[in-house]
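Written out below as structure tokens is the structure these notes cover.
Values in this text are rule-based calculations from the coordinates and carry no lab data. Worth saying up front: this structure is predicted, and the values here are computed from it rather than measured. As a convention, Cβ positions derive from the backbone with ideal geometry for all residues, glycine included, and neighbour counts pool all protein chains shown.
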Amino acid sequence: MNALANPEVGKFINEHFCSSFQKVATFRIVGNQKQGGNVAAYFCAPDGRVLHVVAGPVDAGTMLNEAKWMVDSTKKAIAEAKNDGAKFKAAFRKMHAERLRQQYGLVVEPVTFDPPDVQDSNSALTYNDPSGRPLAPKLPPPPIEGPDVTFRLQAKEAGRGENADAAVRDRKGGAWALGTQGRVHQLMAAHSMLKIELVYGTVFENILGEKVSTKPVEVATPFPWVDAKRPGR
Amino acid sequence: MRSLAWLSAVALCLAVAPTAFGRDTVKPAETCGDHGTSIDFFDTPSEAARAALKQEKLVFVLHVSGNFEDPRFT
């Protein structure tokens, strides 16, 4: 364990968050060996709506920075929203778009209004997984407008032959290399404050490239290889 | 104007140092353990959400998949 075993990370997360875990996605079994595996950390409001995601494994410093950014951003958005949920959502999405611009040099227009969902989960035309719940949707990220002139150097043009998953296209057809966390900000600029069951499919399949087979399930021991009596081992 | 009940509660809790209310520690009986990490985990996200509402905190949910024997994953 790296990030989550770090005492500073643990202290900060325990101070500001109530934590839990679920098992999602699938893995391949080749011979007797499991292959694949990934992790996504969701920072949510107490009503289960996702405010921020850390996709994939990160080091302790990154996890702590993201957790601190999350708490600071929540404070700012609450101050700005003045107890108005719609304003809070808009403020949060703008902050994700701003971070994408400043850190990755790419511009997206944050989506500050969600049209009503016309899909009825009880409809006969809605495909449900065997447990009866609709499958996790694949949410479309907002289109990249292009590079920001101020932060142009941060935006990296995707090279030929680059992994298609890591390249995003802007409205004019230009290809830009955008890492996992950059794509999280792109997604969150349009879909933060959605319920976790609507977001996890996109995070695992579109960002981490892992196939999701079922809804998340609880697991008794998420890290079976760790000796609980000797943290960090 | 749509209002979210948790907004003002969380605002209050984030505005002051957590230790002022002694909220920096979770009672061991409430959680299902740290599983060898530095984080106290609740059994399910819904339990964590209920506790978060009560303790005026946010929620941290970890989704894990596949082979995690490699400690670099988390």
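Residue by residue along A:101-113, Cβ atoms of other protein chains within 10 Å of the local Cβ number 0 on average. Legend: ranking of residues A:208, A:194, A:106, A:139 from fewest to most surrounding C-beta atoms inside 10 Å; resulting order A:139, A:194, A:208, A:106. Each of A:12, A:204 was scored by other Cβ atoms within 10 Å of its Cβ. Listed from fewest to most, they are A:12, A:204. For the listed residue pairs A:68/A:211; A:94/A:211; A:94/B:54; A:87/A:211; A:68/A:89; A:138/A:172, the alpha carbons are over 25 angstrom apart in A:68/A:211; A:94/A:211; A:94/B:54; A:87/A:211.
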